[in-house]
1. When the chain is fully extended, how far beyond the present Cα-Cα distance does residue 156 get from residue 36, taking 0.36 nm per residue of separation?
2. Over 22 Å, how big is the tail of the calculated P(r) for the chain, in percent of all Cα pairs?
3. Which percent, to the nearest 5, of DSSP beta bridges fully inside the chain are antiparallel?
4. Which peptide among 126-133, 159-166 comes first, and what is the full order, when sorted by highest mean count of other Cβ atoms within 10 Å?
5. So what is the relative contact order for the chain, in percent, with contacts set as C-alpha pairs under 8 Å and at least six apart?
6. Go through 61-68, 179-186 and give me the packing order, highest mean Cβ count within 10 Å leading.
7. I need the phi-derived Karplus couplings for the range 137-148: 6.51 cos²θ - 1.76 cosθ + 1.60, θ = phi - 60°, integer Hz, Gly and Pro marked x.
8. If you count only protein heavy atoms with a 1.4 Å probe, what accessible area per residue comes out for the chain, rounded to a whole Å²?
Amino acid sequence: LLAGKTIGVAPDANIYYAAWPSWLEDSRYAADALDWVLEQNEALPEGEKIRVVSVSAAPGSADMFQNTDLWNAAAARAEEAGVLGFPDEDGSSVFAKNALALPCSYRTTAEEYTAGQFGYTHYGQGGLSWGIPYCAGVMALGWQVDPTLTGDEIMRYLLSTAATGTDGNSIIDPVHFVETLETNRST
């Protein structure tokens, strides 16, 4: 959903993948994975640093996980290092606080269940596990337009360029977002 040559949001984005066993309900693993991302970032040259992390679970939620203090400390280190994208202690993200809706249903995704046999699957229903990487991909598009933007600036642009849904909610609008960044960059 975040990156892919034919159906991903940001096909030119580089992906660094760190898995953790969320089913163990222990945020220690998520914190270790995030620290691994930060270690990778230290070795990357300027212009190739990891700018956003997509986490579809809520490792900062004490209702769901133990050792949330470890996650919150890792997320603070990441934020200090300029990496964006972490749910806070109550499991919500800045997007939820600012009421930015994300597309989570009617998605076509790439799949490979058998090595070397690729295909596509269409789903009629999804959740934040799809919306969060989608949003990270839109952010990556924004940084491709203007790599000098901070995480806060990217988020302000996402919110200010959002469309209004029939229910009044603000919905991420990637086309308006990118066009606005391109216009602002050229002026």
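1. Values: separation 120, 0.36 × 120 = 43.20 nm, distance 2.79 nm.
Full-extension gain reported as 40.4 nm.
2. Values: 8613 of 17391 pairs.
Tail of P(r) above 22 Å: 50 percent of Cα pairs.
3. Numbers: 8 of 12 bridges.
Once the DSSP bridges in the chain are tallied, antiparallel ones form about 65 percent.
4. Values: 126-133: 18.2, 159-166: 13.0.
Highest-to-lowest ranking by the protection proxy: 126-133, 159-166.
5. Numbers: 282 pairs, mean separation 39.5, N = 187.
So the answer I get is 21 percent.
6. Details: 61-68: 16.1, 179-186: 12.9.
Packing order, densest peptide first, comes out as 61-68, 179-186.
7. Residue by residue, the range 137-148 yields x, 5, 4, 4, 4, x, 5, 5, 6, 9, x, 7 Hz.
8. Working: 10840 Å² over 187 residues.
Per-residue accessible area for the chain comes out at 58 Å².
The values are calculated or read from the model by the stated rules, or taken from the named source; none is laboratory data. Everything numeric in this text was worked out from a predicted model, so none of it was measured. Positions of Cβ are backbone-derived with ideal geometry, glycine not excepted, and every protein chain shown enters the neighbour counts. Ligands, DNA and RNA are stripped out before the accessible areas are found, and what is left, the full protein with its side chains, is counted by its heavy atoms. Shrake-Rupley method; radii C 1.70, N 1.55, O 1.52, S 1.80 Å.
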